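Only the coordinates and a few stated rules stand behind these numbers; no lab work does. Bear in mind that the values here come from a model prediction, so they are computed numbers and not experimental data. Cβ sites come from the backbone with ideal geometry, for glycine too, and all protein chains shown count toward neighbours.
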Amino acid sequence: MTTEPPPNTDPFAGYRVLELSRGLAGAYAGKLLTDAGATVARAARPDDNPLGHGIGAQTDGDDSALFRYLHAGKQLLRAPDGHGPLSAAWTRDADIVVEDLGPGVLPLQLLRQARPDLVIVSVSPFGHTGPWARRPANEFTLQALCGSTGGRGLPERTPVQSGGRLGEWTAGGYAAVAALALAARVRRGGHGEHVDVSMLEAMLLTQNPYGYVTAQLAAQPEESPARLVEIPSVEPSKDGYVGFCTVTAQQFQDFLVMIERADLLGDAELASAAGRRRRRTEFLAAVHAWTTTRTTEEILGAADALRIPAVPITTAEHLEDIAHFRERGVLVDNPHGFRQPRVPYRLGDTPAPPVRRTAAPHEAVAAPAWPERTPDPRKPVLPAPADQALPLQGVRVVDLTAF
């Protein structure tokens, strides 16, 4: 007796996505859509693969682990030689196109005219309009432009960039959210749209403390210093380093009690972040006199007892040793021979599906294998949106967040 396969319960199963990416942001947007259940077909030429041989350890082939992570589970399309990066047939049945090829590469107006219901998401350094639209840029230059670099580091030294290509990951996240929100609007009877995601604008919102941005825009730089390091921050222990966060008055007071310097509780200057910066050498000497005589584990136990946010400074090689990660199954096997983080959310008690393979160049196909369209048996929760409605207009959200 045969049984029917279980239905695909992924939240965006059935959505068809065409990915035209060269960089990390577009590839990550496609990965997020894949993880949510969409069918993603990626078009690329074998000689046009900046991520394949760049960052990350090599796996069982020529591609890097980063490349395998970003493109797992996507179909690979063979780009037509001599006919640009796009085949018109590919967009005929797609719901979403994600691209980071740059302004002017794709015929966006023609695509929109042919498919008014198509959602096109473009990710670029500065957006598709404005005098800088075609200006070359990368993570380093964008961090400098958005103010992030200028706000990091010790005041007496040169500013520093934050590592990890955070701006590109962030822009990819914004692109995926916008794509899904608009695709949902189309399914309710609304129209498609061109979504223009600027990495610089995403970084302006996410790589600066909000108070710092508002103080600078209000011409009140004295309210927020040009460069900022939290004190205390990452401090040495007897056997490593511990990171502390004391952004509230209560946390800082408890920190003083923990390091056995309750005598400083009445020091009004040290109670402020600006005061601690002015007396940094003196204050950190008091902190290190306590932390360097205790192990990381002892410090974490003391901080936990007083509800002070504190973490060990670890490296990726020790992630498997974290019991919390093991119990939640955070790290999973990639079929190409390395461990990777799973999708960072869980849908109820449903276990995360296994990571799928990344298609090899010889497996490229001429056309996407889109899933069959089936009518949604559920009644629409929302009425069909008006032409100018925002993509989630009418959705009701209760915000119970505290910070």
Review point. Once label points are set 7 Å from the Cα along Cα→Cβ at both ARG396 and ALA268, what is their separation, rounded to one decimal in nm?
Key: 5.0
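Using a Förster distance of 35 Å, how high is the FRET efficiency between SER233 and VAL105, based on the Cβ-Cβ distance and rounded to 0.05?
Numbers: r = 43 Å, r/R0 = 1.23.
E(calc), rounded to 0.05, equals 0.20.
By counting other Cβ atoms within 10 Å of each Cβ, how are VAL395, VAL160, VAL195, VAL98 ranked from fewest to most?
Details: VAL395 11, VAL160 14, VAL195 21, VAL98 32.
Going from least to most buried by this count: VAL395, VAL160, VAL195, VAL98.
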**Study point:** Cβ charges +1 (Lys, Arg) and -1 (Asp, Glu), total dipole of the range 124-213, debye
**Key:** 180
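Rounded to the nearest 20 Debye, what is the dipole magnitude of the range 241-312 about its Cα centre when Lys and Arg each give +1 and Asp and Glu each give -1 at the C-beta? Can you show the working numbers first?
Values: 8 positive and 9 negative charges, 68 e Å.
Dipole size: approximately 320 debye.
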Point to revise | Cβ-based charge dipole, the range 241-312, positive-most Cα from CYS245, ALA303, MET258 | key: CYS245
Review point. Summing +1 for each Lys or Arg and -1 for each Asp or Glu, what net charge is found among the other residues whose Cβ lies under 10 Å from the Cβ of VAL17?
Key: +1
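By counting other Cβ atoms within 10 Å of each Cβ, how are ARG356, ARG68 ranked from fewest to most?
In increasing order of surrounding Cβ atoms, one gets ARG356, ARG68.
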Study note, to complete from the structure: When the charge dipole of the range 275-346 is computed with +1 on Lys and Arg Cβ and -1 on Asp and Glu Cβ about the Cα centre, the Cα farthest towards its positive end, among THR314, VAL343, ALA289, belongs to ALA289
Exercise for review: Describe numerically, in nm with one decimal, the distance between label points set 7 Å from Cα along Cα→Cβ at HIS324 and at PHE338.
Suggested key: 2.5
Exercise for review: Return the distance in nm (one decimal) between the two label points of a simple spin-label model at THR281 and ALA13, each offset 7 Å from Cα along Cα→Cβ.
Suggested key: 6.5
Practice item. Normalise the Cα radius of gyration of the range 241-312 by 2.2 N^0.38 Å (N = residues in it) and let me know the number. Key: 1.03
